[in-house]
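The block underneath contains the structure these notes are about, expressed in structure tokens.
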Amino acid sequence: MRVAFAIGGIPSLGHSGSTIASWIIISELLAAGHEVTAVLLPAAYLLDDSAPKRFEELERLGATVRVVDVPPPATPGSRWRARAAFVRSVARPDDEALFPSVRAQADVEAALAGADAGLAFGIEAIAGTAGARLPMLAALSHPPGVARRVRARYARTERSMLGHASERSFLARADRRTAGLLRQFPSVAVFSRHHTEWAARHGAKAWYAHYPMPDLAGSDWRERRAAGKPNPKPRILMIGHLRGIGTISGLHLFVPSILPLLTEALGEDGFEVHVVGGQEPPEEFREGLAHPAVRLRGQITDPADEFFAADVLLAPNPTVTGASARILSGLTFGNCIVAHADSLVGIPELAEGENSLLPTTGPEHAQAVLRALHDAGLRERLGDAARSLFERAFDAPVAAGRLVRKIEQLVGEGRRR
């Protein structure tokens with residue numbers, strides 16, 4: 001079977017949760033004996049010096065690569081028409097204004113030619129392939145307004161009045177229009193049970209899918225986790241891009257609340273917090289992170305050693321998006337995970353005291369971390385259960401395999417009609 005895999009990015013290992021998951025799904029499609037064409041609609045900033053190498057890696061994997069340029073908005077003929085079009089785009093944005101890839105639908109349709117079925121991964125791919133004349137599985141983590149609302153809450157930026165109006169207009173319409181796009185697909189996989197229910201309420205044929213993750217730890221994960229333990233000092237890992245909204249939201253709890261309480265209990269030099277991730281932290285947190293226990297490690301190409309060395313993986317992110325890649329990574333390594341209870345929105349299989357600790361407030365996070373640091377048996381039990389959850393639900397052959405079977409099912413149903 002010939003399958004087109006559309007995404008508004010470049011599938012690859014080691015860049016982000018979505019690029020890793022898309023790479024895994026393509027790999028599973030190829031392993032199942034299908035031919036795969038990767039139809040890529042990357043934003044201009046993604047087409048940097050690394051892009052050609054990533055295209056080559058996809059081709060070496062076995063996929064055919066087709067890059068579709070998203071054209072800029074059409075330019076009205078006169079200055080007055082241009083102003084009127086701009087006002088409309090702010091006051092009542094259409095699909096092209098909300099989702100630029102809509103402008104590429106004709107070229108996407110050409111790139112899909114010859115495919116028996118397809119998968120649209122993420123909102124840009126969904127917008128670019130909606131209405132395609134072949135069985136398409138849509139896949140997404142959450143409606144786009146969710147992340148924008150979280151960013152507006154935790155990473156406020158100075159905006160002009162026009163900027164505020166544009167943002168409010170986007171938030172008022174984007175999720176509703178996303179639902180309209182999803183209704184055009186015969187099947188919609190959502191990587192969050194909560195947002196699956198949202199999509200179903202709005203008429204989409206939605207079902208809850210587990211977010212596929214590679215086995216980053218390997219079969220000897222237990223031995224590698226035990227190596228070098230106990231640490232000279234209790235070691236806590238926080239990981240994620242420091243300008244990503246998940247990390248920023250977590251810093252709002254960590255810096256003013258969790259870190260001072262850990263310091264009070266353990267002393268300034270009595271523990272280590274390794275903060276791993278690209279970019280510098282936002283200005284508002286830099287003074288608080290200039291702490292004797294905090295190690296700003298920057299971007300690390302292979303963070304496996306960091307996960308294995310950590311006594312606790314701390315993810316205090318009060319966000320209600322899809323499954324958190326940092327928590328899923330912790331599952332693969334068998335980490336003792338302390339995560340905000342909001343993580344249940346994306347990973348409802350997390351269970352307090354069974355495979356993780358799920359506090360809500362800053363003081364509760366500090367108490368959970370201290371509880372875990374003082375109880376090696378608890379850390380091991382939670383870590384073993386976390387790894388077990390990964391193996392039965394999120395491991396690539398399980399989670400991506402389910403998506404592959406759904407695509408095969410859509411083709412079979414189409415042939416029987």
Magnitude of the Cβ-charge dipole (Lys and Arg +1, Asp and Glu -1) of the chain about the Cα centre, nearest 20 debye, reported as 1680
Less than 16 Å apart at the alpha-carbon level, and either on another chain or at least 8 residues along: which lysines does that give for Lys205?
Lys406
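Using the Cα atoms as the points, what is the convex hull volume per residue of the range 1-53 in Å³? It would help to have the intermediate numbers written out before the result.
Working: hull volume 4.0 nm³, N = 53.
Spread over its residues, the Cα hull of the range 1-53 gives 75 Å³ apiece.
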Contact order relative to length for the range 238-321, counting C-alpha pairs under 8 Å separated by 6 or more residues, stands in percent at 42
At 4 °C and 1.567 mPa s, the Stokes-Einstein diffusion coefficient in µm²/s for the chain, with hydrodynamic radius from the Kirkwood sum on alpha carbon pairs, is 57
Calculate one ³J(HN,Hα) per residue across the range 257-271 by plugging θ = phi - 60° into the Karplus curve 6.51 cos²θ - 1.76 cosθ + 1.60, and present them in order as whole Hz with x for glycine and proline.
10, 5, 4, x, 6, 5, 5, 4, 7, 10, x, 4, 9, x, 7
Carbon-plus-sulfur fraction of the accessible area of the chain, 1.4 Å probe, in percent?
51
Sort the range 233-302 into rounded, prolate or oblate with this rule: let a ≥ b ≥ c be the square roots of the eigenvalues of the Cα gyration tensor; rounded if a/c is under 1.5, and if a/c is not under 1.5, prolate when a/b is larger than b/c, oblate otherwise.
oblate
Per residue solvent-accessible surface (Å²) - the range 204-339, probe of 1.4 Å
39
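The values are calculated or read from the model by the stated rules, or taken from the named source; none is laboratory data. Nothing here was measured: the structure is a model prediction, and the numbers come from that model. Neighbour counts are summed over all protein chains in view; Cβ atoms, including those assigned to glycine, are modelled from backbone coordinates with ideal geometry. The area values use the complete protein model at the heavy-atom level, side chains included, leaving out ligands, DNA and RNA. Shrake-Rupley method; radii C 1.70, N 1.55, O 1.52, S 1.80 Å.
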